[in-house]
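One structure below.
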Amino acid sequence: MAETKGGKFEIRVTDVEDPLPNATFGSIGRYVEVAFPDQRGEPVVPQRLTLRFDEGQAKHVDLWTLTLFRIDLKSRTFTPVESSR
């Protein structure tokens, strides 16, 4: 978590291994954990999240259709992140 200008905090993004290797068929192989800072009850300031990937990983998909998904490990469900492209 890094402090930015104006005393605001950035979200933290950490690369992780495939969380559900038997269920993520069709993914491009990029998995991250996104952590929001503890802002002591204040709302999280919206920030742009950009994830880079190797185009070779995405040979099997149309790049315009790539979408981020939120993964719930307990229920093994994938929910598209609104307005992610």
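Descriptive notes on the structure:
- Segment Leu68-Ser83, extension gain: residue separation times 0.36 nm, minus the distance between their alpha carbons: 4.5 nm
- Surface/4 estimate of mean projected area, convex hull on alpha-carbon atoms of region 44-85, nm²: 4.2
Throughout, read-outs are computed from the coordinates displayed, never taken from laboratory work. These figures come from a predicted structure and were not determined experimentally.
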